[in-house]
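Q: Quick one: the structure is below, questions incoming.
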Amino acid sequence: QVQLVESGGGLVQAGGSLRLSCAASGSIFMLNAMGWYRQAPGKQRELVATVGISGRTNSADSVKGRFTIARDNAKNTVSLQMNSLKPEDTAVYYCNAVERLKSYWGQGTQVTVSS
């Protein structure tokens, strides 16, 4: 089992920045993809950004140029630097990790962007 713990959410004004962090612990052999997803009220959960073990990243068009994902393989952590935040970025953000073909989720952290 892998446990994921997120931190760093909060309330910020439009144009501001936040940094989310996620730490994985437990029975870890090798984490493959790690990433962030978000779910706004009344909407489906959607991909924000992912990063593979090699460092290759993938991100949603809506966050390109504003959000940066990074991981530290030695510490089993992944972070999401969010700049130029918009009200439409308001959502619960979930950390995700894949380990030995199983997908794990964190409990989620609220990000609220006020206009």
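Q: For Gln1, project a label point 7 Å along Cα to C-beta. Then give me every residue of the range 93-114 with its amide nitrogen under 19 Å of that point.
A: The answer is 95-108.
Q: Stretched out fully, how many nm does the piece from Ala40 to Trp105 gain, at 0.36 nm a residue minus the Cα gap?
A: Contour length minus the Cα-Cα distance gives 21.8 nm.
Q: Additional query: What does the net charge come to around Tyr94 if you take all other residues with beta carbon closer than 15 Å to its beta carbon, with K and R at +1 and D and E at -1?
A: 0
Q: For the range 3-83, what % of the accessible area comes from carbon and sulfur atoms, probe 1.4 Å?
A: Carbon with sulfur: 50 percent of the solvent-accessible area.
Q: Further, regarding this structure: Taking only C-alpha pairs under 8 Å that are 6+ residues apart, what is the relative contact order of the chain in percent?
A: With pairs under 8 Å counted, the relative contact order is 37 percent.
Q: Sequence gap of 8 or more, or different chains, plus Cα separation below 26 Å: how many lysine pairs satisfy both in the chain?
A: Summing the qualifying lysine pairs gives 6.
Q: Where in the range 22-111 are there chymotrypsin sites (Phe, Trp or Tyr not before Pro) that are in a DSSP coil and have at most 15 other Cβ atoms within 10 angstrom of their Cβ?
A: Of the chymotrypsin sites (Phe, Trp or Tyr not before Pro), the ones in loops of the range 22-111 whose Cβ has at most 15 other Cβ atoms within 10 Å are Phe29.
Q: Same structure, new question: Stretched out fully, how many nm does the piece from Ser27 to Asp61 gain, at 0.36 nm a residue minus the Cα gap?
A: Roughly 8.9 nm would be gained on extension.
The values are calculated or read from the model by the stated rules, or taken from the named source; none is laboratory data. Just so it is clear, the structure is predicted and the values come from calculations on it, not from any experiment. Don't worry about glycine lacking a Cβ; one is built from the backbone with ideal geometry, like all the others, and counts go over all protein chains shown. SASA here: full protein model, heavy atoms, side chains in, ligands and nucleic acids out. Shrake-Rupley method; radii C 1.70, N 1.55, O 1.52, S 1.80 Å.
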